[in-house]
Structure formats: structure tokens, C-alpha cells
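Undergrad: After the C-alpha cells below, expect a handful of questions from me.
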Amino acid sequence: MTPGISAEATDIDGFDAFVEFVAAVEYEVAAKGTDEYAVTAAVAEHLRAWLGRGVVIPEPLRAPNPDHYVMYPLHVAADRSFSIASAVWNVGQETPVHDHGTWGVIGIVAGLEKERRYAPDAGSPNGLSFLGEDFLRPGDVEVCCTTDQDVHAVAAASDVPCVGIHVYGADIGTLPRRSYNTADGSVKTFVSAWAVPR
């Protein structure tokens, strides 16, 4: 996709607030550089404030795919230093265990998200240790990934689709990442390509 705000994103109710959020993330990324802990803490505060004002995502950018979860691009920085996505899981959908290869902050707009967290563990049969699980509700914001905590699986955990705003420290729609098979320990590289609104 062409970097920058997608045409569909301009239909977001309260577009000025969205533009302010993009500018705030851009500022924090530039000001804090490679300090991912400072960046994620600041971005989380901005995302919490935006969600508190009420985020209404247009239907094409929150529509679930019947086959798998999707991420719609709301904004990709021109230098690909960060991206903002509308991430959608239909009822019952879940991701494989995966990493991100960059920092990330998520905020829930609708539905209930279940997150299962893991850590690499060379002594485990499948190479991972299960750390626990969390449930995130509308308005909740979480730093989902940094260098020392970057492996999880996510599922929709209620009877309505789960919709979230995800902010990453790269163009997440083109970034090679890894998925982990918890049964046999195998690892695969994948790219979670941007979804195209219908």
C-alpha cells in the first residue's frame, strides 16, 4: 500500500481526533527514538485518551473476514517507522502463537479479547513457556510487545467480533514475523498482509 492515511480512514467518525492521534504517535516515535519502553508508554497514554473520547471505526474497516482475523491499515508512516491498524477477529477466531519483531500497543474498541502470553524457553519441548492469559475489554490498552515480551496468541472471546486499534513500530503489514507451533515446536516465517476493505 502507499504509505500515509488510507482513503477509507478519512471516514472515521471524529477524523480530527484520529489525525491528532497520528501526530502524537509520530512525535513520540521521533522524540524517543529507539527507547521502545518510553515510546510504548507514551503511545499507550495517547491511545487511552483517544479511546476515551470515543472511537467509531467505519463498517468497512471493522468488518470481520469469515475465514481469519484481519488488519486494515489506518495509517502507515511515510518512512514506515510506525503503523496504525484496525484489527478484527470474528467470533471464535484466534491467531496462532506469533511474534511481531517490533514494539506494539493495542486498545480495544469492541468485543472481548483473550491474550495468551508466552516466552522462549529452550528447555521446553516446544520451545515456549506459557506465562498466562489476560482478557481485554473496550477501553483497555496494553503494551503487547517489546523486545523482551513479544510472543502471544490472540482470540475473540465473546459473542461479538473483537475490534481493536493496534499501533506498531514498523509497517506491520509487510514485516516478516514468526509463528510457533506449540504441538511440535516448529517455527514458520509469515507476513500478516494488510486486508483490503470490501
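Undergrad: When residues of the range 1-35 are filtered for being touching a strand residue (DSSP E or B) at 6+ places or on another chain (Cβ under 7 Å) and modelled with pLDDT of 85 or more, how many remain?
TA: Going through the range 1-35 one residue at a time, the tally reaches 2.
Undergrad: Next up: Among the candidates ARG80, ARG117, single out the residue that is part of a strand (DSSP E or B), of a type in the set (D, E, K, R) and modelled with pLDDT of 95 or more. If you could, list the steps in order and put the result at the bottom.
TA: On the way: ARG80 fails: part of a strand (DSSP E or B).
Answer to the check: ARG117.
Undergrad: Mind listing whichever residues of the range 101-132 are at positive phi and surrounded by 16 or more Cβ atoms within 10 Å (Cβ to Cβ)?
TA: In the first step, residues of the range 101-132 are kept if they are at positive phi; the result is 101, 111, 127, 132.
GLY101, GLY111, GLY127 - these are the residues of the range 101-132 that are at positive phi and surrounded by 16 or more Cβ atoms within 10 Å (Cβ to Cβ).
Undergrad: Tell me, please, whether a residue that is of a type in the set (S, T, N, Q) and more than 17 Å from TYR69 (Cα to Cα) can be found in the range 184-193.
TA: Kept after step one, since they are of a type in the set (S, T, N, Q), are these residues of the range 184-193: 186, 189, 192.
Add one more test, that the residue is more than 17 Å from TYR69 (Cα to Cα), and what stays is 186, 189.
Yes: one or more hits.
Undergrad: Right, next: Of the residues GLY101, GLY123, which single one is of a type in the set (Gly, Ala, Ser), touching a residue at least 40 places away in the same chain (Cβ under 8 Å) and in a loop (DSSP other than H, G, I, E, B)?
TA: Step by step, each of GLY101, GLY123 is checked, and only GLY101 is of a type in the set (Gly, Ala, Ser), touching a residue at least 40 places away in the same chain (Cβ under 8 Å) and in a loop (DSSP other than H, G, I, E, B).
Undergrad: Could we say that SER158 is buried (at least 18 other Cβ atoms within 10 Å of the Cβ), of a type in the set (S, T, N, Q) and closer than 28 Å to GLU59 by Cα here? Steps first, please.
TA: Working: buried (at least 18 other Cβ atoms within 10 Å of the Cβ): no; of a type in the set (S, T, N, Q): yes; closer than 28 Å to GLU59 by Cα: yes.
So SER158 fails the test.
Undergrad: Identify, from the list GLU113, GLU94, the residue that is in contact (Cβ under 8 Å) with a residue 12 or more places away in the chain, within 19 Å of LEU74 (Cβ to Cβ) and touching a strand residue (DSSP E or B) at 6+ places or on another chain (Cβ under 8 Å).
TA: Details: GLU94 fails: within 19 Å of LEU74 (Cβ to Cβ).
Only one candidate qualifies: GLU113.
Undergrad: Still on this structure, please answer the following. Say whether the condition of being in a loop (DSSP other than H, G, I, E, B), basic (Lys, Arg) and either surrounded by 14 or more Cβ atoms within 10 Å (Cβ to Cβ) or over 13 Å from the mean Cα position of the chain (by Cα) (or both) is met by at least one residue in the range 133-146.
TA: If we filter the range 133-146 for residues that are in a loop (DSSP other than H, G, I, E, B), which is where we start, we get 137-140.
Now restrict to residues that are basic (Lys, Arg): 137.
Checking the rest, the ones that are also either surrounded by 14 or more Cβ atoms within 10 Å (Cβ to Cβ) or over 13 Å from the mean Cα position of the chain (by Cα) (or both) come to 137.
Within the range 133-146, one or more residues are in a loop (DSSP other than H, G, I, E, B), basic (Lys, Arg) and either surrounded by 14 or more Cβ atoms within 10 Å (Cβ to Cβ) or over 13 Å from the mean Cα position of the chain (by Cα) (or both).
Undergrad: Moving to a separate point now. Which of the residues belonging to the range 41-80 are among the aromatic types (Phe, Trp, Tyr) and out of contact with any helix residue (DSSP H, G or I) (no Cβ under 7 Å at 6 or more places or on another chain)?
TA: Pass one, the range 41-80, residues among the aromatic types (Phe, Trp, Tyr): 50, 69, 72.
Matches in the range 41-80: TYR69 only.
Undergrad: Hey, can you tell me all the residues within the range 163-181 that are among the aliphatic types (A, V, I, L, M), over 20 Å from GLN93 (Cβ atoms) and assigned to a loop (DSSP other than H, G, I, E, B)? Before you say what the answer is, go through the steps one by one.
TA: At the first step, the residues of the range 163-181 found to be among the aliphatic types (A, V, I, L, M) are 163, 165, 167, 170, 172, 175.
Of the ones still in play, those that are also over 20 Å from GLN93 (Cβ atoms) are 167, 170, 175.
If the condition is that a residue be among the aliphatic types (A, V, I, L, M), over 20 Å from GLN93 (Cβ atoms) and assigned to a loop (DSSP other than H, G, I, E, B), then ALA170, LEU175 are the ones that fit.
The values are calculated or read from the model by the stated rules, or taken from the named source; none is laboratory data. Since this is a predicted model, take the numbers as computed values, not measurements. Cβ sites come from the backbone with ideal geometry, for glycine too, and all protein chains shown count toward neighbours.
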